[in-house]
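The values are calculated or read from the model by the stated rules, or taken from the named source; none is laboratory data. The model shown is predicted, which means the values in this text are computed figures rather than measured ones. Here the Cβ positions follow ideal geometry from the backbone for every residue, glycine too, while neighbour counts run over all protein chains shown. Just so you know, the surface numbers come from the protein's heavy atoms only, side chains and all, with ligands and any DNA or RNA stripped out. Shrake-Rupley method; radii C 1.70, N 1.55, O 1.52, S 1.80 Å.
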Amino acid sequence: MAQTSGKGSRGIVWALVALVVVFIIVAGVGWGLFLTKKATLSTADQANIITAYAFKHWNAIGLENLTQTMSQYSSNAVLYWYVKYTPYDTAYNAALNGTYKGTSAIQAVWSKFFGESVVYFWVNKLTVKVSGSTATVTAIAWYIVSNGTVNQSAPVSSQLYTLIMPYELYYQNINGSWKLTAEWWGFPNDQGSVIPGAYGLEAFLHTF
């Protein structure tokens with residue numbers, strides 16, 4: 001009767017073990033790649049994210065929340081302020097006009113702006129464009145502010161002011177996180193305006 005060689009049996013066993021080890025290694029590499037693969041968002045998805053960032057920033061300004069307002073800026077961000085005060089058809093440069101570089105300078109500007117009371121804001125003609133690691137938000141922004149507690153028995157024009165301006169935010173994706181690197185409240189050749197009184201919704205609708 002023929003006998004099975006023990007050496008041959010051990011060879012088969014070791015071959016099977018080797019196959020199992022190779023399978024485990026390949027499966028492990030594949031699973032690791034699956035876990036480390038980053039989801040790729042479409043341009044539309046990225047635009048929705050940037051839109052949400054922009055409104056979060058505007059809401060923070062509307063609520064006069066300094067911490068939230070500052071939360072999106074990169075460390076080397078720049079804030080440009082080009083606004084004119086136009087009472088009775090006479091234009092003056094607004095007190096905050098200038099270029100502010102870095103978070104310390106920008107925070108100082110917002111601290112001054114929040115010395116007024118933001119009553120209401122809305123945004124018109126919003127566009128969001130994403131291109132690779134950069135994104136641009138443009139709009140016409142309206143902010144109604146007061147110089148203190150509103151006295152309903154006093155003229156509105158002496159207490160409320162409407163800030164209307166072309167507006168732009170510029171974001172960059174830095175190490176996987178969108179950061180606000182530049183912000184424009186008006187432009188050198190297209191300044192915003194501060195107008196006495198509270199412009200109503202009817203005036204706002206005429207800008208469409």
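Do the conditions hold for Ser193, that is, is it open to solvent by less than 70 Å² (accessible area, probe 1.4 Å) and modelled with pLDDT under 90?
Spelling it out, Ser193 is indeed open to solvent by less than 70 Å² (accessible area, probe 1.4 Å) and modelled with pLDDT under 90.
Hey, which of the strands (runs of 3 or more DSSP E) in segment 91-150, taking only ones fully inside, have at least 3 residues that are open to solvent by less than 50 Å² (accessible area, probe 1.4 Å) and touching a residue at least 40 places away in the same chain (Cβ under 8 Å)?
117-131, 134-146
Conditions (1) modelled with pLDDT under 95; (2) surrounded by 15 or more Cβ atoms within 10 Å (Cβ to Cβ); (3) of a type in the set (S, T, N, Q), marked per residue:
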site	(1), (2), (3)
Gly32	yes, no, no
Lys37	yes, no, no
Ala44	yes, no, no
Asn48	yes, no, yes
Ala54	no, yes, no
Ile61	yes, yes, no
Gln72	no, yes, yes
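Among residues belonging to segment 74-90 that are over 10 Å from Val194 (Cβ atoms) and open to solvent by less than 30 Å² (accessible area, probe 1.4 Å), point out the one that is modelled with the lowest pLDDT.
Trp81
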